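Enquirer: I'd like to ask some things about the structure below.
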Amino acid sequence: MRAYLPLLRTTTLMQGLTDREIEDILRCLSAVERPFVKGETLFRTGEPLRVMGLVLEGLVCLEKVDFWGNRSLLAQAGPGEIFGEVYACEPGRPLHIDVAAGEAGKLLLLDVDRVLTTCTNACPFHARLIRNLLGVVARRAYSLSRKLEHISGRTTRAKLLSYLSEQAERTGSSRFSIPFSRQELADYLAVDRSAMSAELGKLRREGILSFEKNRFELL
């Protein structure tokens, strides 16, 4: 666990905590490391999630699969990011999504019941952890509200331009890289990949943007 302390210090969840405090609070929350392989389903729809996950290595995808097997990518979590924080506020609520491994890696699982309950040891830093968790929840809500803006576009073009504009705004530059492959971007925007690729080609020919793989420039 000590090997991951530099990473844990940079996370929003552990913000403001010293290495000693982080180690103490991981024991308090009964933290458990869990390795995973690419393509593995870590948690399934309908299961009660009693742990909150913090990604130490690799990539975790939060996705929704409908009755016919169509996949919609809701969010991704890389090293230092967490998932399941909403369920930490309401322990035992069944998942309405699947949590799958986009890349091989390792998770840190934190006991949900102990996140919002002050421990018997009266850890002085437990309150700070709760404040940090509320910050994470707020950021997640903001991220989801932005996604709703993107996918509410009536056309594939509108969805693409909404997302790419937001990325330019976030980075403060007309040149930026996105964290998605073409298929992942199509899943995130809930559009057909072929139709999206065709629209990207049109936008490039019209001089609105240029791109190479996941690198874009708005013109």
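Enquirer: Which members of the range 194-213 meet the condition of being modelled with pLDDT of 90 or more and open to solvent by 60 Å² or more (accessible area, probe 1.4 Å)?
Expert: Of everything in the range 194-213, those that are modelled with pLDDT of 90 or more and open to solvent by 60 Å² or more (accessible area, probe 1.4 Å) turn out to be SER194, LYS202, ARG204, ARG205, GLU206.
Enquirer: Considering only residues that are open to solvent by 30 Å² or more (accessible area, probe 1.4 Å) and more than 26 Å from MET14 (Cβ to Cβ), which ones fall in the range 48-68?
Expert: LYS64, VAL65, ASP66, PHE67, TRP68
Enquirer: Separate question: Working only within the range 138-179, note down all residues that are part of a loop (DSSP other than H, G, I, E, B) and either in contact (Cβ under 8 Å) with a residue 40 or more places away in the chain or open to solvent by 50 Å² or more (accessible area, probe 1.4 Å) (or both).
Expert: Correct list: SER152, ARG154, THR155, GLY172, SER174, PRO179.
Enquirer: Scan the range 145-163 for residues that are in contact with a helix residue (DSSP H, G or I) (Cβ under 7 Å, 6 or more places away or on another chain) and of a type outside the set (Gly, Ala, Ser) and report the count.
Expert: Looking only at that region, the number is 9.
Enquirer: Residue under question is GLY69, and the condition is that it be farther than 16 Å from ARG139 by Cα and free of Cβ contacts under 8 Å to residues at least 12 places away in the same chain; does it hold?
Expert: yes
The values are calculated or read from the model by the stated rules, or taken from the named source; none is laboratory data. Source: prediction; values computed, not measured. Cβ: placed from backbone, ideal geometry, glycine included. Neighbour counts: every protein chain shown. Heads up: the accessible areas ignore ligands, DNA and RNA and are worked out on the full protein's heavy atoms, side chains in. Shrake-Rupley method; radii C 1.70, N 1.55, O 1.52, S 1.80 Å.
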